[in-house]
Amino acid sequence: MEAIVFLIHGWTGTPERSLSGLQITLEMIPGIRVVKPLYMDVKGPCTKWRTRKSINFYADVVEAEIEKLPTDVPIIGVGHSMGAIILRLLHNRGHNFNLPIFAAGPHKGVSPLVGKLVPVAQVMGVRPLLEMAPESQFLKSLGTPPPGIYIGGREDILVPLHSAIPVNNGVIVECGHSMFPNEFEKMASSAIPVVVETVFKEVYKNDRD
């Protein structure tokens, strides 16, 4: 069996390193090819506060990468944080993933702690944060959350559980927003085992039937 796992990293962290621990673990599964586009266009100190483009713009960059993928193999999408919102945008644009996994996505907005930074974001023109604020027009425009696997962190202070899991069921993990660590010793208490097991079952489900 062959499948592609399309990883979409979030707004925080270093794009080159983000989700690398998950990527390495997934690549241990026979037949899995991992693709992770690096869509952020700014680097260096205070990267997040230098982002002026909308989430739709970053979705355009990611979409250009997914359109290069073959269409004859299953594609599993995994989006973390803002990457989960980009995954929803791609779904709304007609990209039908065999299985979408939304991890720590601010589907109903970021936490009040992060929300305190919205006035600063308005002054600085940081569009992604404004778009991920609770009750933003952008989030409302996404419509009803699509079917998929939703994961939230019980200790996440950036995205509360009701926002990460906007449906009646989901997977709660005992970690914070950085649920995909690069350090091997932290993987057991992260969301990595959940995603890896989910991907494995999806890829090999026909072999079990």
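The values are calculated or read from the model by the stated rules, or taken from the named source; none is laboratory data. On a predicted model such as this, the values are computed, not experimentally measured, just so you know. Cβ: placed from backbone, ideal geometry, glycine included. Neighbour counts: every protein chain shown. The area values use the complete protein model at the heavy-atom level, side chains included, leaving out ligands, DNA and RNA. Shrake-Rupley method; radii C 1.70, N 1.55, O 1.52, S 1.80 Å.
General observations
- The stretch 14-48, residues that are at pLDDT below 85 and open to solvent by less than 60 Å² (accessible area, probe 1.4 Å): Pro15, Met40, Val42, Gly44, Thr47
- Check on Glu135, on the phi > 0 side of the Ramachandran plot, open to solvent by 50 Å² or more (accessible area, probe 1.4 Å) and among the charged types (D, E, K, R): yes
- Scan of the stretch 143-166 for residues that are out of contact with any strand residue (DSSP E or B) (no Cβ under 6 Å at 6 or more places or on another chain), assigned to a loop (DSSP other than H, G, I, E, B) and either over 13 Å from Ser81 (Cα atoms) or open to solvent by 100 Å² or more (accessible area, probe 1.4 Å) (or both), ordered by number: Gly143, Thr144, Pro145, Pro146, Pro147, Glu155, Ile157, Pro166
- Residues that are hydrophobic (A, V, I, L, M, F, W, C) and touching a residue at least 60 places away in the same chain (Cβ under 8 Å), drawn from the stretch 51-77: Ile55, Ile66, Leu69, Val73, Ile75, Ile76
- Single residue of Lys108, Lys53, Lys116, Lys140 found to be over 22 Å from Ala191 (Cβ atoms), open to solvent by 30 Å² or more (accessible area, probe 1.4 Å) and either touching a strand residue (DSSP E or B) at 6+ places or on another chain (Cβ under 6 Å) or at pLDDT 95 or above (or both): Lys140
- Inside the stretch 71-105, residues that are open to solvent by less than 20 Å² (accessible area, probe 1.4 Å), over 8 Å from the mean Cα position of the chain (by Cα) and among the β-branched types (Val, Ile, Thr) make up a count of 1.
Residue-wise test of (1) among the β-branched types (Val, Ile, Thr); (2) under 15 Å from the mean Cα position of the chain (by Cα).
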| position | (1), (2) |
| --- | --- |
| Pro146 | no, yes |
| Ile157 | yes, no |
| Ile165 | yes, yes |
| Val171 | yes, yes |
| Met179 | no, yes |
| Asn182 | no, no |
| Met187 | no, no |
| Glu197 | no, no |
| Glu202 | no, no |
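- Checked against the criteria, Glu197 does not count as modelled with pLDDT under 95 and over 13 Å from Ile101 (Cα atoms).
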